[in-house]
Amino acid sequence: MTPAQIHELHGEAADPTLEERRTARFQARIDADEKIEPVDWMPEAYRKTLVRQISQHAHSEVVGMLPEGNWIGRAPSLRRKAVLLAKVQDEGGHGLYLYAAAETLGVSRQEMVEQLLSGAAKYSSIFNYPTLSWADIGAIGWLVDGAAIMNQVPICRCSFGPYARAMQRICKEESFHQRQGYEIMLQLSRGTPEQKQMAQDALDRWWWPSLMMFGPPDGESQHGAQGMAWKIKLFGNDELRQKFVDVTVPQAEYLGLTMPDPDLRFDEAAGHYRFGAIDWDEFKRVVKGGGPVARDRMKARRRAYDDGAWVREAALAHAEKKRARRAEKIAG
Ligand code: BYC
């Protein structure tokens, strides 16, 4: 929705001084921790930032089903299969809540999906890495969902009501996902030497990409400062990354695994683990679509979209029939 359309909705002509007053009032509401709802006036840039972040987040959930979906047919037991199926279904549900939250901002799910499929919209860099062994499913739950929780729990208190409410439910489910991943890692680490080695290899492969999930360093984050002023983000990328490292290193120690970072050490004075340099060139390459399995991911999404065309058509035809029947009833 453009500012002109929002003014029209509120029955007013666009007026620059009114715009300034509204912007100031809007920021005061944010500063007072009030929730902004879809019917409320909001600056166009706030709406756009939210649509960008929420839709990217929704795409990440949906693309995030692919690396784990790859292992549903090869889960090592019936119990593991049932748990993994439930987790992957949850991710699909998260995508739906998030697309629905973004739709309240005047963008349709169809538009968002088209942006994903055309490559115009981003999704998390992490899902462009392959899942090579069963231990990767453990590492994803432990590290990727762990990083997601660290990033997303604060969003439950973000300024936009529909996003905050969607995140509350998502975070509850993410905690179960993190625990199931850690439990896989624990079992492998306490298993045969080969199983422990599988767990170590998975940690080696997923550790650095998990740190990249939090986004570029604060100095290079384009949207960070404004996102925080609007309380769309509550913490900077670096602060969340550090919190994640601080909680995860002791978990690796408990597993008896070694972090793939020779520079990692505990800084007593600061009370934080200091970690080595992140390869930001790799991050940029992966975000631009150069990840090891980026092409496969988009191919799989496009195929799923094409294969699902008949379902969308049938649902629309059914809705149209219902609408026509209702209209007939009202008329007659
Ligand atoms: N991958 O200015 P910045 C999950 C982009 S977990 C790709 O700091 P912002 C799941 C960024 O979009 C993952 N792109 O941006 C877990 C921006 O580009 P645009 C999803 C990235 O928005 C387990 C540019 O780099 N979670 O879903 O302030 C199983 C500059 O960055 C990445 C969320 O989306 C990245 N890692 O901060 C299944 C949580 N990092 O947009 C599913 C909500 C940055 O200008 N999102 N970029 O083209 C956020 O909290 C924030 O959007 C971010 C980035 C922290 C990700």
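At-a-glance table
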| read-out | value |
| --- | --- |
| Chymotrypsin sites (Phe, Trp or Tyr not before Pro) within the stretch 131-213, DSSP loop, no more than 14 other Cβ atoms inside 10 Å | none |
| Fluctuation leader among Pro262, Pro38, Pro217 - the chain, Gaussian network, Cα springs under 10 angstrom | Pro262 |
| Approximate spin-label separation Lys81-Thr192, in nm, with each point projected 7 Å along Cα-to-Cβ | 2.2 |
| Contact order relative to length of the chain, as percent, for alpha carbon pairs under 8 angstrom and 6 or more apart | 17 |
| In degrees, nearest ten, helix 44-63 long axis to first principal axis of the chain (Cα) | 40 |
| Distant-in-sequence amide H partners of His272 (H built 1.01 Å from N, under 5 Å) | Asp267 |
| Rel. contact order, % - alpha carbon contacts under 8 angstrom, at least six apart, the stretch 205-314 | 19 |
| Within the chain, longest stretch free of exposed GluC sites (Glu not before Pro) [DSSP loop, at most 14 other beta carbons within 10 Å] | 35-267 |
| Gain upon complete extension [Arg323, Arg74; 0.36 nm per residue less C-alpha separation] | 85.2 nm |
| Cα centre as origin, Lys/Arg/Asp/Glu Cβ charges: the chain dipole, Debye | 1280 |
| Degrees, to the nearest 10: 161-189 long Cα axis against longest axis of the chain | 10 |
| Gain upon complete extension [Ile330, Leu96; 0.36 nm per residue less C-alpha separation] | 81.0 nm |
| Cα-based helix-to-principal-axis angle, 78-103 vs the chain, degrees rounded to 10 | 30 |
| Computed lengthening from Gln168 to Ala269, 0.36 nm per intervening residue step minus Cα-Cα distance | 32.9 nm |
| Trypsin sites (Lys or Arg not before Pro) restricted to the stretch 117-213 and DSSP loop, no more than 15 other C-beta within 10 Å | Arg190 |
| Set of the stretch 135-173 residues, backbone N closer than 12 Å to the point 7 Å along the Cα-Cβ line of Asp238 | none |
| Among Gly138, Gly69, Gly181, residue whose mean-square fluctuation peaks in a GNM of the chain (springs only between Cα atoms under 10 Å) | Gly69 |
| Residue (of Ser189, Met167, Gln200) at the positive-pole extreme of the stretch 154-216, dipole from beta-carbon charges | Met167 |
| Dipole magnitude (debye, nearest 20) for the stretch 220-261, charges at Cβ of Lys, Arg, Asp, Glu | 280 |
| Residue of Ala252, Ala314, Ala270 that the Gaussian network model of the chain assigns the largest fluctuation, springs spanning Cα pairs under 10 Å | Ala314 |
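Here, each number is a calculation from the coordinates, and none is a lab measurement. Here the structure is a predicted model, which means the values were calculated and not measured. Every residue, glycine as well, gets a Cβ built from its backbone with ideal geometry; the counts of neighbours run over all protein chains shown.
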